[in-house]
Structure formats: structure tokens, C-alpha cells
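Q: I am attaching a structure below and will ask some questions about it afterwards.
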Amino acid sequence: MPWSWLDALATWLLSWAGLFLLVPLLAAVPRQVALAVGLPAGLAVLGVATVGWVRVRHPGSVRRLLGDGPVTKEAVRAGVGHGLVAFVVINLGLSLGLRLLAEYMNVELPPVQEQFRAFAADRVLAPFLVFAAVLAAPLVEELFYRGMLFQALRARVGVWPGILLSAGLFALGHRESGNLGGSVLAFLLILPLGAYLAWLFQRCGTIAVPMAAHATFNALTTLVLLATAA
């Protein structure tokens with residue numbers, strides 16, 4: 001593996017620097033416009049940082065972000081099936097289990113995905129949510145978290161520690177701003193998804209499978225948000 005976990009850390013820091021530069025630009029446009037382009041633009045920054053860092057620091061290695069296996073229609077179809085499984089197990093099974101546990105313990109679960117729910121309820125913002133969740137996020141996040149980070153951690157600490165560490169960082173990346181309880185709940189739900197996607201990458205050898213699984217999972221989740229927000 002030509003890059004290391006330090007390259008992944010540098011890429012992450014570079015993307016945050018790009019986000020800080022992006023904030024004043026978004027503040028200068030109408031709020032509705034800023035909300036619409038903010039999420040896709042943030043993902044674009046991470047994608048550019050990932051590909052750009054590998055291209056500059058390790059010339060000729062960008063293709064290795066995709067894994068060793070080929071990107072084929074069969075891999076995409078397999079990913080769609082795995083995405084369906086992940087949605088049923090995590091968004092239906094695990095979420096239901098957590099709700100039942102909360103009822104048993106007589107506690108109230110904190111709200112999650114509040115910003116996404118607000119986007120889904122807005123006719124102007126909803127298309128941007130769909131684009132970011134179903135297309136941009138699976139492409140960019142898989143390139144960074146599985147293609148770059150997981151492969152670097154796997155080379156350093158081994159397969160299963162790499163799967164768990166990359167999944168943990170992936171889950172932390174989905175924290176809910178200003179909502180500690182929601183962030184903890186989101187972490188519990190997204191951690192197994194990140195581990196499953198990393199395992200798929202390890203098992204299949206191509207980013208196409210976890211990317212398609214991620215897109216399918218997000219598409220179904222977004223469909224539920226749109227349906228419940230209507």
C-alpha cells in the first residue's frame with residue numbers, strides 16, 4: 001500500500017481546512033442556497049482532498065483507491081443486495097431493538113437526523129438531500145473511509161482492527177452537531193454499517209460493492225425520510 005494512515009490523517013485535516021474556507025463563501029449567499037449546496041460541497045471537498053493527496057503524494061496510485069478487483073456490473077448488483085441487507089438489519093432490526101430497549105428502561109431515545117428530516121420536508125432542499133445521500137456520499141465516503149483509510153489501517157494493524165477502527169471513525173464523522181445524545185445513537189447505528197462496508201471491501205476486493213451497498217442503504221433511508229416528512 002503506497003500510502004499510510006498518516007496520509008489519511010493529512011487528507012482529513014486538508015478537507016477540514018477546505019471546509020473552513022468554504023464557510024465564509026456559504027455565509028455570503030442566501031441561507032436557502034447555502035443549505036442546498038453546503039452538504040454536497042462539503043462532500044466534494046473531501047473527495048478532492050482524497051484523490052488530490054494520493055495523486056500528488058503517490059503518483060500513479062489513484063486507481064488503488066478502488067481496490068484490486070475490477071469494477072463490474074456484477075459487483076454493483078451484489079452491492080445493491082448487500083445494501084438491502086444492511087438496511088433491513090440496521091435501520092429496521094437494530095433501530096427497533098434500541099427502541100424496545102429504551103421502552104423497557106423507560107427512557108426516551110434522543111432525536112437523530114434532525115437536519116436531514118428538515119431537508120426532506122423542504123421541497124427545495126429535498127432534491128439536494130437525495131443527490132448528496134444517494135450519489136455524492138457513497139462515492140466520496142467510500143473512496144476515503146474504505147479506499148484510503150481502511151486500506152492504510154489494514155496494512156498497519158491487520159484486517160479486523162482496520163475494519164473496526166475505520167468503522168469507528170466513519171461513525172464519528174456522522175455525529176450530530178449540538179446533539180450529544182443523538183450523536184451517541186447515530187454512532188451505535190452507523191458503526192455496524194461502516195464495519196459491514198469495510199468487510200465487503202475486504203471480501204470482494206473492489207470499492208464497487210461497498211459503494212453500491214452504501215448508495216442503496218442511503219437511498220432507502222432517504223426514501224423513508226421523504227415519506228415520513230410528507
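Q: Could you say which residue among Ala152, Ala167 is in contact with an Asp or Glu (Cβ under 7 Å, 6 or more places away or on another chain) and either in a helix (DSSP H, G or I) or within 19 Å of Trp53 (Cα to Cα) (or both)?
A: Ala152 is the lone residue from the list that is in contact with an Asp or Glu (Cβ under 7 Å, 6 or more places away or on another chain) and either in a helix (DSSP H, G or I) or within 19 Å of Trp53 (Cα to Cα) (or both).
Q: Which one is farthest from Ala120 (Cα to Cα) among residues in the range 17-66 that are assigned to a loop (DSSP other than H, G, I, E, B) and touching a residue at least 24 places away in the same chain (Cβ under 8 Å)?
A: His58
Q: Any idea which residue in the range 58-110 is modelled with the lowest pLDDT, counting only those that are surrounded by 11 or more Cβ atoms within 10 Å (Cβ to Cβ) and among the basic types (Lys, Arg)?
A: That would be Arg99.
Q: Can you tell me which condition Leu185 does not meet? The list is (1) touching a Leu at 6+ places or on another chain (Cβ under 9 Å); (2) touching a residue at least 12 places away in the same chain (Cβ under 8 Å); (3) more than 16 Å from Ile90 (Cβ to Cβ); (4) surrounded by 15 or more Cβ atoms within 10 Å (Cβ to Cβ), and all the others hold.
A: (3)
Q: Can you name every residue in the range 117-135 that is closer than 25 Å to Thr50 by Cβ and buried (at least 21 other Cβ atoms within 10 Å of the Cβ)?
A: Phe119, Leu129, Ala132, Ala133
Q: Could you give me the residue pairs with C-beta distances under 6 Å whose first residue belongs to the range 69-84 and is under 27 Å from Val224 (Cα atoms), whose second residue is outside any helix (DSSP H, G or I) wherever it lies, and which are 6+ apart or on separate chains?
A: Hits for this filter: Ala75/Thr206.
Q: Now for a different question. Being surrounded by 18 or more Cβ atoms within 10 Å (Cβ to Cβ) and among the aliphatic types (A, V, I, L, M): is that true of Ala198 here?
A: Working: surrounded by 18 or more Cβ atoms within 10 Å (Cβ to Cβ): yes; among the aliphatic types (A, V, I, L, M): yes.
Criteria met by Ala198.
The values are calculated or read from the model by the stated rules, or taken from the named source; none is laboratory data. Bear in mind the structure is a predicted one, so any value in this text is a computation, not a measurement. Here Cβ is always computed from backbone atoms with ideal geometry, including for glycine, and neighbour counts include all displayed protein chains.
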